[in-house]
Structure formats: structure tokens, C-alpha cells
1. Which of the residues spanning region 205-233 are in contact (Cβ under 8 Å) with a residue 40 or more places away in the chain and in a strand (DSSP E or B)?
2. If you scan region 176-193, which residues turn out to be in contact with a strand residue (DSSP E or B) (Cβ under 7 Å, 6 or more places away or on another chain) and surrounded by fewer than 19 Cβ atoms within 10 Å (Cβ to Cβ)?
3. Any chance region 234-244 includes a residue that's within 19 Å of the chain's Cα centre (by Cα), within 24 Å of residue 41 (Cβ to Cβ) and either part of a loop (DSSP other than H, G, I, E, B) or modelled with pLDDT under 90 (or both)?
4. Show me the strands (runs of 3 or more DSSP E) found entirely inside region 268-371 where at least 3 residues are out of contact with any strand residue (DSSP E or B) (no Cβ under 8 Å at 6 or more places or on another chain) and free of Cβ contacts under 8 Å to residues at least 12 places away in the same chain.
5. For region 249-261, state whether one or more residues are modelled with pLDDT under 90, surrounded by fewer than 16 Cβ atoms within 10 Å (Cβ to Cβ) and not in a helix (DSSP H, G or I).
């Protein structure tokens, strides 16, 4: 699979000349810069074919990452093995003398071949090996794709409208293109509930944890994200939803969104750079301007804190690095910390926390202990 896309002269200064499969894999692994991400979204929105191709690539990437079956055999290697076996026992055909007896007094005729006839069947065995390998690949694909080509179309469509779940563990992130071309970036320790194909009149998903949405515009079908008791409605924009510990935060990166909750008739509008918080006890806060670098830092493999309690800081560390964190002194949990760090610099983060807050931190590579 290979993708090509010509860039404008302005883009050529900062980006590769073509958009290929390696670039798309970097998108899936969340290893692209903000500029490259902008370019990718532009390419994705150009056609349904681009959306389908990216969806196929994500599906294949997910199968390769999660499949527990053995690897597909290499055709060249398998043929070399077969040929080596054949060379040990060369094939020859020997015809033994035959006697033909007649019912009359005719002389006996002996058919005798003094030397064996050797026949080269290498081409036939090579074809047979390739067929066997292709059959194996076919069954591997069938095992990972429950909807078979010969199933009735109606049955396949019924299966597609069933909701699916995408989950991430601590220390893990995933990227998922939805059927309409919308891209969802799922943060660690989160869950997304989504349909394989959206209904004709609506697009609805549900989030637990944290996710960033880049929504493809569709004025005829609003895009709805349910997170706890909060529903966020958009037609095409980018925003982040965080639902943890009974609180829901919605931050708008581009465009605008409208948020609702049970018991509220009117929604609250949010524009780019604004955030709103919801809790069961206090309801909605007023929209406030925020620094997107802090609230969207995880999208660029960073951890950012702005007067965040040490308790919440270490909860994020635990989630991001899949490390158990132990507080041996609960009084330090309320200390507040500010800073931005790349996720590949955990030791630096812990050192600065220790120096800034006067906290003793022990980290042995498997556990973080604070006292």
C-alpha cells in the first residue's frame, strides 16, 4: 500500500514531497508535528477514497499489533525449504519390463527400458507451494474479519451498525478513523464506544477517559460526543474531551461546539481556546479562556501542569508511564506544581518535582515512591 500526495511550494520547505504509507503510520503512532497533522487532515478531507485507504491502513496496523496468530510464511523461504527437500530425493520414473501374452501362438514381446527417465517437476512444486501459502493467508484474513464476502449484504450491514469499543491501557494511546472520516485520538486508560457505520441522520460516540476529536464537517449530521452526563455537539471542528474522577472538561482547539447536560434545556457555546467544566455537584462552570498548550499537551507527547496538585500530577504520571505511584506522606498531595515536559524525560520531571516542592522521590524503574 503506497500513498502519494503532491504538496504546495510552501509546504515543500517543511514536509516530504509525497505523503506515503510511512507518514500515515507516523500519524497512527502520533509521531507527527502539528504542521504535519494539519497537512494530513487536509489530505484526508479531500476524498472518500483517502478516508477508506487510511481506515484500511489503521485496520491492518491494529491486526498486526494485536493478532495472536503466527506470522504469515515467507513464500521465498518456504519454496527454498521445499526445493532443498526435493534435491535430497530426486524424482525418477522407471518402467519395469512388461510381458504381453496373447491367446494365439505369437512370440512374446518384452518392453524394456535400459535407463530411467528423469522428469523435472520444479515448476509444479513451486506453484503448489505458492497456492498453499495463499490459502494460509486467506484463512488468516478470514479469522480476523468476521464478515465474509459471501455473506448476505443485509446480514453484513446489520453487523456494521453494532457499537464497537476501542480501549487503551495505561501507557498506551491509539488513533482511530471513524466511518465519516473523523479522526479520534484516544489517550491512555480510556474507552471509545462507536458504530462501524454512522446512521444516516446522526453521528454519535461515547467517551470515558480522554480523547481528541478532529471532526469532518457535515451540516446535515451533527457529531455528538457523550461523556458522562455531558453531550458535546459539533458539525466540524477539533476539540478535546476529558472525563475523569466525576469531572468533564471540554476544550475547543478549532471552530466552536455546544455542550449540554441532563436537566439543562439550553446549551453552552464554546469557541476556540475556551474550556468548560462539568461536575454533578456544581453543574457547568462558565466558559473560560485557557492555554491550549497545557490542555492539549498529551497530543504532542508532553505532560503539562499549571498549578496542579501533586496528587493529580502523579496520577497523570501513573497513567502515562504505567507505573505504580505510592504516597508515604499524604500531606504532600495538595502541593501544587507547574511545568511542561516531554514524555521521554520522566527522570527529569521527577527531579524537578523533588527540588521544587521539597519532596523526596525514589524511582527504581518499576515504582515511584514519594515521602
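1. Scanning region 205-233 gives 209, 210, 212, 214, 223, 230.
2. Passing the criteria: 180, 191, 193.
3. Looking through region 234-244, none of the residues is within 19 Å of the chain's Cα centre (by Cα), within 24 Å of residue 41 (Cβ to Cβ) and either part of a loop (DSSP other than H, G, I, E, B) or modelled with pLDDT under 90 (or both).
4. Working: elements: 268-271, 274-279, 302-309, 325-327, 336-342, 361-363, 368-370.
Counting at least 3 such residues, we get no strands (runs of 3 or more DSSP E) at all.
5. Checked against the condition, which is being modelled with pLDDT under 90, surrounded by fewer than 16 Cβ atoms within 10 Å (Cβ to Cβ) and not in a helix (DSSP H, G or I), region 249-261 yields no hits at all.
A quick yes/no check of all residues on (1) surrounded by fewer than 21 Cβ atoms within 10 Å (Cβ to Cβ); (2) touching a strand residue (DSSP E or B) at 6+ places or on another chain (Cβ under 8 Å); (3) farther than 17 Å from residue 164 by Cβ:
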| site | (1), (2), (3) |
| --- | --- |
| 195 | yes, yes, no |
| 198 | yes, yes, no |
| 203 | no, yes, no |
| 207 | no, yes, no |
| 213 | no, yes, no |
| 218 | yes, yes, yes |
| 225 | no, yes, no |
| 228 | yes, yes, yes |
| 233 | yes, yes, yes |
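The values are calculated or read from the model by the stated rules, or taken from the named source; none is laboratory data. Computed from a predicted model, the values in this text were never measured in an experiment. All Cβ positions, even for glycine, are placed from backbone atoms using ideal geometry, and neighbour counts span all protein chains on display.
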